[in-house]
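First comes the structure, then the notes that go with it.
The values are calculated or read from the model by the stated rules, or taken from the named source; none is laboratory data. Predicted model, so just to flag it, every value in this text is computed and none were measured. Here the Cβ positions follow ideal geometry from the backbone for every residue, glycine too, while neighbour counts run over all protein chains shown. With ligands, DNA and RNA removed, areas are computed over all heavy atoms of the protein, side chains included. Shrake-Rupley method; radii C 1.70, N 1.55, O 1.52, S 1.80 Å.
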Amino acid sequence: MALKLKGIPYEYVEEDLRNKSQLLLQYNPVHKKVPVLIHNGKPIAESLITLEYIDETWKNGPPLLPQDSYKRAKVRFWPSFVQQEKAIKVVFEKLKLFEEGMKDFFEGDTHHIDGENMGFLDIVLCSLFGVHKAQEEALGVKFIDPQIYPPVYSWVTALTELAVVKEFRPSHEKLVEILQFVRQCPPIFCSLSSS
């Protein structure tokens with residue numbers, strides 16, 4: 001999504017997570033996970049690192065991170081905060097704290113977003129929670145409840161309605177299938193724990 005926002009041509013390669021390709025194992029031998037960005041034959045792995053690499057490498061298009069170093073540090077903090085713990089009960093606690101911390105980004109109770117002003121935090125939030133309906137169906141847990149987290153719910157909903165997000169998001173059925181597969185894998189290999 002970040003490459004598209006920056007106007008950078010790229011080739012997207014779908015990866016079968018049940019039968020990982022030699023290419024994935026070659027380019028991400030440590031974690032053996034997607035996404036991996038290959039730039040000039042060199043792999044960049046891990047979502048947040050890849051986003052920062054894209055922003056630093058390609059200056060054209062909208063910046064993903066603010067130019068002001070303090071604001072940039074604040075934006076970097078929140079995705080890291082949310083990703084540090086994956087357990088469901090901790091996600092709920094962190095969502096509340098996240099929502100409180102995001103008040104700087106909200107105008108009233110909403111965060112104005114469109115395809116032109118999407119940034120680092122928007123991409124990460126969309127990656128984590130843009131599939132909340134599929135997460136609810138596959139895991140049986142409602143992560144983004146509009147009654148409990150109205151600003152975050154509004155933000156995620158606005159993001160998932162953007163054309164650039166719809167272009168990259170797999171179908172609901174495919175997302176449910178992927179999440180069910182991940183849920184069944186041994187805990188050491190899963191990035192989301194249901195405990």
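With +1 on each Lys and Arg Cβ and -1 on each Asp and Glu Cβ, and nothing else charged, work out how big the dipole of the stretch 32-74 is about its Cα centre, in Debye to the nearest 20. Walk me through the intermediate numbers first.
Numbers: 7 positive and 5 negative charges, 23 e Å.
So the dipole magnitude of the stretch 32-74 works out to roughly 120 debye.
Ignoring ligands, DNA and RNA, how do Lys59, Lys4, Lys103, Lys94 rank by accessible area with a 1.4 Å probe, largest first? Could you put the intermediate results ahead of the total?
Values: Lys59 155, Lys4 95, Lys103 120, Lys94 25 Å².
These residues rank, largest area first, as Lys59, Lys103, Lys4, Lys94.
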Problem set entry | Euclidean distance of C-alpha centroids, the stretch 1-40 and the stretch 51-77, integer Å | 21 Å
Exercise. Check His39: other-chain or 5+ apart residues with amide H under 5 Å from its amide H, H built from backbone geometry?
Worked result: Ile44
Exercise. With each label point set 7 Å from Cα along the Cα-Cβ vector, what nm distance links Leu23 and Lys133?
Worked result: 3.1 nm
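Provide Tyr27, Tyr70 ordered by accessible surface of protein heavy atoms (probe 1.4 Å), highest first. Each step should come with its number before you reach the end.
On the way: Tyr27 55, Tyr70 150 Å².
Output order, biggest surface exposure first: Tyr70, Tyr27.
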Problem set entry | Surface accessible to a 1.4 Å probe, Val34 within the full protein complex, Å² | 70 Å²
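Given Cβ point charges of +1 (Lys, Arg) and -1 (Asp, Glu) and nothing else, what value in debye, to the nearest 20, does the dipole of the stretch 1-53 about its Cα centre take? List each step's numbers first, then the result.
Numbers: 7 positive and 6 negative charges, 13 e Å.
The dipole magnitude comes to about 60 debye.
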Exercise. Given labels modelled 7 Å from the Cα in the Cβ direction, how far is it in nm from Glu56 to Lys174?
Worked result: 3.1 nm
